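This report concerns only the one structure given below.
Every read-out reported here was derived from the displayed coordinates using simple, explicitly stated rules and does not represent laboratory data. Source: prediction; values computed, not measured. Neighbour counts are summed over all protein chains in view; Cβ atoms, including those assigned to glycine, are modelled from backbone coordinates with ideal geometry.
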Amino acid sequence: MLNKYIKLLKNGEVVAFPTETVYGLGADAWNTEAVKKVFETKGRPADNPLIVHISKPEMVEDFTAEIPDDARKLMKAFWPGALTLIFKKKTKVPDMVTGGLPTVALRWPNHPIAQQLIDLSGPLVAPSANSSGKPSPTRPAHVKEDFGDDFPLVEAGETQIGLESTVLDVSESPFCIYRPGAVGKEEIEALINKPITESKASAGTPKSPGTKYSHYSPKAEVKWLTKQAEKVNSEALLLLHHREAGNSSKNIATYSGNYRQMARELYDRFRQADHENLKQVLIEPFSDEQLQEPTVAALHNRITKAIGS
Ligand code: TXA
Ligand code: MG
C-alpha cells in the first residue's frame with residue numbers, strides 16, 4: 001500500500017503522511033530539490049527550518065555529532081513521540097533544511113505509517129501539511145482542502161494528539177523549549193534533573209524562526225470567553241472545557257475536562273468556523289492550575305497565537 005508513496009519520495013516528490021501529532025508534508029531530507037518543493041508547496045519562507053523525521057536512533061548520527069548525555073536520556077524516554085530535539089548540525093546537512101541555521105531539528109514520530117515510510121525511504125523533512133497561514137492538518141480532509149484532492153497523501157484518519165510536537169533546543173545549556181507540546185516542561189526537567197527555560201516569542205529575536213511568523217487564526221475573531229462576550233454573540237462558536245453550555249446557540253463544543261479531545265479537535269474547529277462563516281470563536285480560559293498540564297499549556301499557546309495574529 002505504501003509502495004507508490006515510497007517511489008514518489010525516492011524520486012524527489014512530496015508526500016503528505018500521518019504522524020501522531022498532525023499530518024506532515026514529507027520529502028527526502030538529503031535531496032535539496034525535494035526539500036525545495038516542500039517550501040514551494042506550503043508557501044513557506046525559506047528561513048523557517050524543517051524538522052527531519054527519523055525512524056531509528058542510529059539515524060540521529062547522520063545529522064549531528066554532538067548529542068549531550070541529557071539529550072540521550074530524553075531520546076530514550078520520549079522517542080518515538082511528540083518531542084522534537086534541536087542539535088548542532090553536521091556540515092553535510094543541507095542549509096535548505098535548516099534555513100541556514102547551524103542546528104537541525106530531529107523527531108522520531110510514533111506512528112506506524114510514518115515509521116514504515118521513513119524505514120523504506122530514509123529520513124524525511126516534514127513540516128505540518130498545511131499551506132502557510134492555515135492551521136495544521138489533523139484529518140485527511142484538511143490536507144485536501146489546502147493542496148487539492150489529487151495531492152499524494154497517505155490517509156489514516158484523525159491524528160491522535162492534534163497539536164504539533166514539543167520543540168526543545170538541546171544544542172545549548174540550559175535546554176530551551178521553543179514550542180510547548182504533549183511532552184511537558186516538568187517531565188523533561190524531572191528526567192534530566194535540571195531546570196530548563198522556555199522562550200517567549202515576544203522576547204527579542206526569536207531563536208526558533210517559526211515563532212516570528214504570524215499564525216493561523218480563522219476569519220472569525222478568536223477570543224477568550226467572558227460572560228459578557230457570550231451574551232453578546234449568537235454567531236459564535238463556543239469551546240468549553242469545564243463550564244456547562246448555558247445558552248441555546250448550536251455552535252458549542254463541550255469537553256468536560258477532556259483536554260486531549262479538545263487538543264485533537266482545536267484545528268478542525270478553527271477550520272469549521274471559517275466554513276460556517278462564524279463571527280467569533282470564544283474559548284473558556286484556563287486557570288493556572290489547569291495550565292500545569294502539558295496538553296493545556298500547548299492548547300493555551302496555540303490559542304494565544306490565534307488570538308494574537
Ligand atoms: O508535530 C510536529 O512537529 C509536526 C509533525 C508533522 O511532525 N511538524 C511540524 O513542523 O509542526 P513545522 O515545520 O510546522 O514546525 C516546526 C517548528 C517551526 O516553528 C520551526 O521554526 C522550528 O520547528 N524549527 C525547526 N528547525 C529548527 C531549528 N534548527 N532551530 C529552531 N527552530 C527550528
Ligand atoms: Mg507548521
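Summary of values
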read-out: Of all residues in the range 6-48 being small (G, A, S) and at negative phi, the one that is nearest to ligand 1 (Cβ to nearest atom); value: G24
read-out: Cβ pairs under 7 Å, 6+ apart, first in the range 206-228 and of a type outside the set (F, W, Y), second within 12 Å of ligand 1 (Cβ to nearest atom) and part of a helix (DSSP H, G or I); value: P206/K212; H215/K305
read-out: Residue list for the range 280-309, filter: loosely packed, with under 15 Cβ neighbours inside 10 Å, in contact (Cβ under 8 Å) with a residue 40 or more places away in the chain and not in a helix (DSSP H, G or I); value: P285, S309
